[in-house]
1. Counting only protein heavy atoms and using a 1.4 Å probe, what share of the accessible area of the stretch 103-169 belongs to carbon plus sulfur, as a whole percent?
2. Accessible area of Arg51, 1.4 Å probe, to the nearest 10 Å²?
3. Stretched out fully, how many nm does the piece from Gln111 to Glu35 gain, at 0.36 nm a residue minus the Cα gap?
4. How much of Lys129 can a 1.4 Å solvent probe reach, expressed as accessible area in Å² and rounded to 10?
5. Which of the lysines could be linked to Lys99 by a straight reach, that is with a Cα gap under 23 Å, when you skip same-chain ones fewer than 8 residues away?
6. Rounded to the nearest 20 debye, what is the charge dipole size of the stretch 74-170 about its Cα centre when +1 sits on each Lys and Arg Cβ and -1 on each Asp and Glu Cβ?
7. Using the beta-carbon distance between Asn22 and Arg140 and R0 = 30 Å, what value does 1/(1 + (r/R0)^6) give for FRET efficiency, to the nearest 0.05?
Amino acid sequence: MINLPAHLALFPYEPVSRPRRNLNAVLLDSGAIAESDLHRAECIAARATARFEDVLLTHRFVTPSDLLRAQSKVHGAQSVPFSELIPDPRILSQFGATKAIRHNLLPLKVQGAATLVATPYPSAYAANKSDLERVLGQTRMVLASAAQLRHVLRSSAAQHLVDQAEPRVR
């Protein structure tokens, strides 16, 4: 056993947590996808320059609920049911409806010190996190089904987009 100086004993050593497993491993281990289908999905995504998640869903290699469960495990984020995808219009207009649609990011509500931001694409959240936090303060990602999020985004952002377009048309 190593004896640490008293000033270092105040900060106990915590081993670096292992990185979370990747999405492929989680999907395989859960039985949500066969290895052959996973390989086919990777090939299709590479050729089509499409998002891997979209290929999995479009070709029905996995169900939306299986994908959300796997993404939750990989990214340590909660998934939000459709009934809770209700954005605060003020927060949405702060971030910008056009940006929200373009990046598949839906600012929902402030919970504690952070604004919850729903997305089906953790990579989109990561790529836009600094912009989100510049506008909204601290944020936390939650996951939602792509189809459900797009539906809510279209209906929630419609009025914002009309309001932005009217001055340009006049």
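The values are calculated or read from the model by the stated rules, or taken from the named source; none is laboratory data. Everything numeric in this text was worked out from a predicted model, so none of it was measured. Cβ: placed from backbone, ideal geometry, glycine included. Neighbour counts: every protein chain shown. SASA here: full protein model, heavy atoms, side chains in, ligands and nucleic acids out. Shrake-Rupley method; radii C 1.70, N 1.55, O 1.52, S 1.80 Å.
1. Whole-percent figure for carbon plus sulfur exposure: 52.
2. 90 Å²
3. Between Gln111 and Glu35, full extension yields an extra 23.5 nm.
4. Its heavy atoms expose roughly 80 Å² to the probe.
5. By straight Cα distance, Lys99 reaches Lys109, Lys129.
6. Using only the charged Cβ atoms, the result is roughly 180 debye.
7. Working: r = 22 Å, r/R0 = 0.72.
Calculated transfer efficiency: 0.90.
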